[in-house]
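Here the structure is laid out as structure tokens; the discussion comes afterwards.
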């Protein structure tokens, strides 16, 4: 041995001897504190005593000796027990569940060192076998140390902020011990031996670690509560998997090498190719990641969700806005779907008559939602109960609050629909999120229901706020429109007065009888037209009828539809209109002019949206208590988002210079006739409008005749 080697050996013996002495003194002091019922961990006492025995054997026999290696194993197991005790230090043993399996695995791997030590003793004189056992032992040590360091990091990072200072000293000691050992065993594996300098420094490191433990024992007065994050736990498990994979690969590689010859080369190449293909196939798999996430949440955590991470993601999703971003209703669906790992969803919102209609889709173009969506009675049940519906339970016949009868059959029949989440704002239903089944199916539990209920209330407030802002904007634009109409009325009134005066003066001063007669006729007609327009404009808001003496007399809807279709004759290069009116009479109680105005608008829009030489179909039929008039086309169609947020919204027009009040006026006129206007549309497939009016003579028509001025008040809204 060289002079430097002798010096380092002496330093090592001295350091280990001092460490053994310090450990004994520290253990005796801790035992005395424990006897006096001071805050002292028995696991720490055992670990310090084990460290004393190990340091004493290191000083007496050296690192390669079998007793020393056995004492090192016992020391590591004792410090792993300290980690377990720190995780459960506050008495809440539930907090140990996420890490207990990891601790058990690390302890078993460390205990395998005893088997390797027996192999060393049995293979004395067999240098090749001992070399392989030495490398395997070092790899096992590295695996255990890496896992232990990750646990120490989780222990400190997961503790409540106010208690971190109390465990800092013990965590620092463990990090110092295992951090140095990580480098020590790595170098030992590379050089295939025990470097005398690094062996000596282990004693110095042990002294510093014992000093940190002693300082922590003095300051430890209360326990720390463990609160691991899912990211850290997933990384810990990944590290253990990687370590186990490395260990398996080393053992397999050595086994292949023992085969020798060309067989080993072929086996190595085949194994490398197979493992590479397996990694490339599995790692990008979103389904595999979701499955791992579900399994980790189910078996490693007391709670399924990492609420901090979920809420941050929720805030980012719902807070996005601006050009190129998804509309608010679509972001609402995505925010709920992200929480449950659903790959698709849809949003239904209340319609004009209380039913829920489709407003937005998220990654679900194939969902077939009827025009009526969910009936008003079912919507009232969801609003009253605030019940999150698990469709799988309904299909199994489970009925908790009467939701089985309240859920429409089309929702139960579609197996891809998983759950219904109501969005309640001050006990008022503002929407319903329909969730698609996630790629990894699971059963909804109490934690899902609690989180979805809170998220639903938050999203409902966003929707209500957006609706309030839009209503305020519409009211502002209505005021502006009314001011413009007031100016127009003032100008027309002045013009009418001037023309009337001119007519009177001409009658008094004109000498030519022929000129006088022609002038009177022309000016009189102009004055009559202007006065008629002025009269109609001035009736806005007065409560008078549409025309003097006009009443909603019964009329045959078939005649109105057939007469209207004649306005669009078949012309090459333009869509033409066909009528299917049947032969049965379809009497309705509605003003002819108003009904023609509604139908003319719908037909013209259908013609404009249809390709050349397409067919726009008008159909009228009498049903139970009502008459149904449909206008169907095969044009470009509209998205659910457009139908919900733009079609019936005043001042939103796709035509240059248009007011955008045609569809809005049509719907309001139909409502004034005690009817309703329904729309079904799909992009690229066409649109169908359906006007439903009470059948003249039915109970609905007799008791709900349009009140005087109802149609005019409707036009007041438009103005």
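Show me the ranking of peptides 440-446, 403-409 by mean Cβ neighbours inside 10 Å, starting with the highest.
403-409, 440-446
Residue 380 to residue 100: extension gain in nm, 0.36 nm per residue of separation minus the Cα-Cα distance?
95.9 nm
Just to verify a number: FRET efficiency for residue 646 and residue 396, C-beta to C-beta distance, R0 = 35 Å, to 0.05?
0.30
Suppose the chain between residue 186 and residue 367 were pulled fully straight at 0.36 nm per residue; how much longer would it get relative to their current alpha carbon spacing?
Contour length minus Cα-Cα distance gives 59.4 nm.
For a protection proxy built on the mean count of beta-carbon atoms within 10 angstrom, sort 120-133, 41-54 highest first, please.
41-54, 120-133
Under the 0.36 nm per residue contour assumption, what length would be gained going from the current alpha-carbon distance of residue 671 and residue 473 to full extension?
Here the segment from residue 671 to residue 473 would lengthen by 69.0 nm.
Please compute the modelled spin-label separation between residue 427 and residue 127, points set 7 Å along Cα→Cβ, answer in nm with one decimal.
Here the modelled spin labels are 8.9 nm apart.
Here, each number is a calculation from the coordinates, and none is a lab measurement. Computed from a prediction, not measured in an experiment: that's the story for all the values here. Cβ: placed from backbone, ideal geometry, glycine included. Neighbour counts: every protein chain shown.
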